[in-house]
Every structure is written in structure tokens, then in C-alpha cells.
2 protein chains.
Amino acid sequence: MNYRLDFSYDGSDFFGYAIQPDLRTVQGDLEEALAKVLGSTATHVAGRTDAGVHARHQVVSVTAERETSPGVLQRALNRMLGPEIVVTSLTEVDESFHARYSAVSRTYRYFILNRQLPDPFLARTRWHYRYPLDLAPMNAAMGLLLGERDFSSFCRVAEGKSPIRSVEKAEWGREGEEVVLEITANSFCHQMVRSLVRECVELGRGNGEPQDIVEIADARDRNLARGVAPARGLFLWQVNY
Amino acid sequence: MNYRLDFSYDGSDFFGYAIQPDLRTVQGDLEEALAKVLGSTATHVAGRTDAGVHARHQVVSVTAERETSPGVLQRALNRMLGPEIVVTSLTEVDESFHARYSAVSRTYRYFILNRQLPDPFLARTRWHYRYPLDLAPMNAAMGLLLGERDFSSFCRVAEGKSPIRSVEKAEWGREGEEVVLEITANSFCHQMVRSLVRECVELGRGNGEPQDIVEIADARDRNLARGVAPARGLFLWQVNY
């Protein structure tokens, strides 16, 4: 049997998605629960997230010898996984479905609380940034990066992996006191969204010109990028199949 | 000098408002910070909250020998208090102002996430209740409790304190997938809101009749009440002067 699990999690109290010995991870909690109800832990995930990063919509596929009713499985998992992880949908799928390879693109959102005072109820899920941001240069910069490109300057190196990614959409908007980026690409390299957010915020503050982002990208040199935005504002928002 | 501080806090990681030795409390954090910037810790608070209860709007008054600019004080406190507590306003007030005694009433809100699935991002601030709730008997019961009354049945005993309270307003409403109580009284005894919420939720599920709540109140016997709703859904919403 091949199952598809769609789920959400608040990443604040996890050391990221990927399993690590002696640390609490989303994959660790999930596979421990799956082992109990399904006798299987061979999961594939759509997009790994770093420590403190959240998922509104994450997907894993898992194969198992046992056949179990999806509804029963979902309820059992939600009982075991506690409040931070919620399985929103669980279905039996064709054996060809693979959460990672079948996904055609991923959408992330990054949320900035852009006002003078922080909000204690958004401390885990927003970057509080007190200075005014001009969205025009931020959107201009994102527009210049659309399409296929080498993102080495905005990625933590991963040995043997291609740094070429294709960005379909990247748009900043204002929603009340929040400034929000929605970005969709075939896939993302490590820390790519947080690195682009940080670059844009510098531009939004008046530090540099939108064209700079292309020069940094073309140089393929991570030392030219200006760091990363905090993990807590980042959400894996949607996996597209 | 007499100062008035208005502030918010996420109560999840505190052992309540009131200071306790060796435990992290809101008052403990606040007075530690005040001692540094003002050399004073003689605070009075509008409404103590229990472990896990939040405040959108809480007020303390504090007197100090030193005179300091309110803006400087507010920024210094916010730097020290970290993300869970945010001072939203700080003003110098007449010496007659007392956060507790000057308050004429308090408003609380209680939030229930009323749908099948929990939401990991609301786990700290909502009671997740999966069964349908009928608001009509819940509102009927609250209507029967308006006015001055002995709330012993809904309060944890506090030696030597009167259990008489006057409820001005108490109304349940539905906002999307949430069911929300707003309740205003001159003041509240210990666990009063959570006790009333629990009673109402039982009625909303069809367990009993609205009139029962008056009988329980009239008996002035806490053993007749059906327990308390979880702390995490409760917010001190507004202190009225």
C-alpha cells in the first residue's frame, strides 16, 4: 500500500524536519507514530524544512505492507502526534506517487510583522521588523529573478546538488500590518527563501538597488549575500502536484 | 512618580501572572525588568491570570522615586522582556491611579476552535472542541446570569473574599470556525470564566438545560459545577477604567 499524508506543523519546537539522533524533529515524531500504526517508516517528504520553519501544507508518501483504513490511520496519527503536528488528509494513492518526485512545484510564504511594536502572539510565526519597508524595490528585485537561474549565492552549499532552480512566481504584498512574500519554484535549495527575503528587506530599507540582486546571483558567491531572515517567519505553504 | 503600563502576554510558558518562587511568572519577569530600569517593584495589577491564560490587555501601576521618560522606559522594558511580553503603552499618571482599584470592569474572551481537526498554529491559544455546539442554549444560560450574583459554585474558594460579582455582558458568537465568548464583569473570582465556559459547552452539546446554570449558581456549591475549560483559550481582553 502507498499512502499520501498531507499535514501541518508549527516548527518552533522542532530541530527541523529531517531526523537527527537525540533531537526532536518532525520526521522523527512522524515516523515513530507511523511505525506504531503501520509498521513502516519508509517516508519520502515533499520539502525538508529547517529548525523553526513551519508548514501549512507538507506532504509525505509512505509505503506499508499492512492495509489500514485511511480514516482510522489519520485519527490514530493525530491522537499520537500532539498539538504541533496535524494530519489534515490521508489517502491511499497509486504506487507511482512519490511525495518528493511527483511534486511539480512548492510554494512558500514569508511573513513579516512590519510595525513599531512586536505582538507576543505572533512571536513564533512572524519576523518582527520595525522599520518601514518600501515594497516597490522588493518586488522589482523578485521580478528580476524569475525563470531558471543558478542560485548558488543564495544557497547553503549541498555537495553534489545542482544550484539551478526555476522561480515561477515571487511577489511581495501588504496585508494590514504584515508584509508577505509568496514564492513558487520547482524546488528550493537550502536557505534560499530566507536568503532572498533578507536581500529584499535590505532593498526595502533603501540599502542598494533592485539590480544588485542580479549581480549577486550572477557572481555565484554566497559571501556577497547579506545573510538570512529568521526561520520563524517562513512557511511551506503548498506543495503542487 | 506613578506609571501606568498597558501590556500583552502569551501566557503559555508562564506559571501564571502572580509571582512564585523558582517558577517563571509574568509578574516575576516584569518586576525584575522594572527593578533594573526604575529601581522599583511595587506593582499593582488589574487582573491576575492563571497558568496558561493570556492577556491581550493587562494593566499594572507602579510607583517610583526616579523620574524617567515614559518612552525610554517602554523601549527598555520591551528590550528586556523578550517576545512573550510586550508593553504596548506606558504613561505617567496621577498618583491616585491604581491599576486594580481604579478599574471599573474587566472583559475576558474565551476562544474555542470548533471543527473536526485541530490547528497546530492555534494550539496555544484555542480550546479545540470537535463536536458541534448549539449557541442558543449557551447564550440563554449566560443571559440568566447577568446582574449581581453569588458565584461560589463557579469559583475556586479564596479565603475571606466575597464571591459576589456583577456580570454586565456575556455573549457567545461564531467567527468562522471559532466560537467565542465575550464576558464583562466588575471583577471575576478565581476560575470563574473557565468554569462558566465549561458549563456552557456542556449545554451547547445538549447536556442539560440553560435553567440548570441558575440552579447550580443558587446552590453555591462548587461540586455541582462540571469542571473548567482549558486555560489556553482564555484572554484577559480589556481592562476598563
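Quick notes on this structure:
- Residue A:76 open to solvent by less than 40 Å² (accessible area, probe 1.4 Å), in the same structural domain as residue A:16 (by TED's automatic domain parsing) and at negative phi: yes
- Whichever residue in the range B:49-59 is in a strand (DSSP E or B) and crowded, with 23+ Cβ neighbours inside 10 Å and, among such residues, is farthest from the other protein chains (Cβ to nearest Cβ): B:59
- Candidates are the residues of the range B:178-236 that are polar (S, T, N, Q) and touching a residue at least 60 places away in the same chain (Cβ under 8 Å); the one that is nearest to residue B:53 (Cα to Cα) is B:191.
- Filter result for residue A:21 (at pLDDT below 95 and within 14 Å of another protein chain (Cβ to nearest Cβ)): no
- Residue match in the range A:69-78 (condition: assigned to a loop (DSSP other than H, G, I, E, B) and either within 26 Å of residue A:122 (Cβ to Cβ) or polar (S, T, N, Q) (or both)): yes
- Counted residues, the range A:162-204 - those being in a strand (DSSP E or B) and aliphatic (A, V, I, L, M): 8
- Residue within the range B:88-104 that is surrounded by 14 or more Cβ atoms within 10 Å (Cβ to Cβ) and among the acidic types (Asp, Glu) present: yes
- Across the range A:20-39, not a single residue is classified as farther than 20 Å from residue A:76 by Cβ and touching a Leu at 6+ places or on another chain (Cβ under 8 Å).
- Test: residue A:133 is touching a residue at least 60 places away in the same chain (Cβ under 8 Å), touching a Cys at 6+ places or on another chain (Cβ under 8 Å), surrounded by 14 or more Cβ atoms within 10 Å (Cβ to Cβ) and not in a helix (DSSP H, G or I): no
- Within the range B:201-233, the residues that satisfy the criterion of being in contact with a strand residue (DSSP E or B) (Cβ under 7 Å, 6 or more places away or on another chain) and at negative phi are B:217, B:229, B:230, B:232, B:233.
- Test: residue in the range A:36-48 that is surrounded by fewer than 17 Cβ atoms within 10 Å (Cβ to Cβ), away from chain B (no Cβ under 14 Å) and in a helix (DSSP H, G or I): yes
- When residues in the range B:105-124 are screened for being within 14 Å of another protein chain (Cβ to nearest Cβ) and either open to solvent by 20 Å² or more (accessible area, probe 1.4 Å) or without any contact (Cβ under 8 Å) to a residue 12 or more places away in the chain (or both), 11 of them pass.
- Tally of residues being in a strand (DSSP E or B) and in contact with a Phe, Trp or Tyr (Cβ under 7 Å, 6 or more places away or on another chain) across the range B:1-35: 2
- Some residue of the range A:143-161 being more than 19 Å from residue A:225 (Cα to Cα), part of a strand (DSSP E or B), within 14 Å of another protein chain (Cβ to nearest Cβ) and out of contact with any Phe, Trp or Tyr (no Cβ under 7 Å at 6 or more places or on another chain): no
- If you filter the range A:82-101 down to residues that are within 14 Å of chain B (Cβ to nearest Cβ) and part of a strand (DSSP E or B), you find that the one that is farthest from the chain's Cα centre (by Cα) is A:90.
- Filter pass, residue A:115 being in the same structural domain as residue A:219 (by TED's automatic domain parsing), under 30 Å from residue B:127 (Cα atoms) and not in a helix (DSSP H, G or I): yes
- Residues that are of a type in the set (Asp, Glu) and either open to solvent by less than 30 Å² (accessible area, probe 1.4 Å) or more than 20 Å from residue A:240 (Cβ to Cβ) (or both), drawn from the range A:171-218: A:175, A:177, A:178, A:199, A:202, A:209, A:212, A:215, A:218
- Only one entry of A:232, A:149, A:194 meets the criterion of being among the basic types (Lys, Arg) and farther than 26 Å from residue B:120 by Cβ, and that entry is A:149.
- Note on the range A:221-241: residues that are surrounded by 15 or more Cβ atoms within 10 Å (Cβ to Cβ), more than 26 Å from residue A:12 (Cα to Cα) and touching a Phe, Trp or Tyr at 6+ places or on another chain (Cβ under 9 Å) amount to 1.
- Of the residues contained in the range A:205-220, none is found to be farther than 27 Å from residue A:10 by Cα and in a strand (DSSP E or B).
- Of all residues in the range B:44-68, those that are within 26 Å of residue B:229 (Cα to Cα) have Cβ atoms under 7 Å from Cβ atoms of residues that are open to solvent by less than 20 Å² (accessible area, probe 1.4 Å) and charged (D, E, K, R), 6 or more apart or on another chain, in B:54/B:10; B:57/B:6; B:59/B:6.
The values are calculated or read from the model by the stated rules, or taken from the named source; none is laboratory data. The structure presented is a predicted model; accordingly, all values stated were derived computationally and were not measured. As a convention, Cβ positions derive from the backbone with ideal geometry for all residues, glycine included, and neighbour counts pool all protein chains shown. These accessible areas exclude ligands, DNA and RNA; they are computed on the full protein's heavy atoms, side chains included. Shrake-Rupley method; radii C 1.70, N 1.55, O 1.52, S 1.80 Å.
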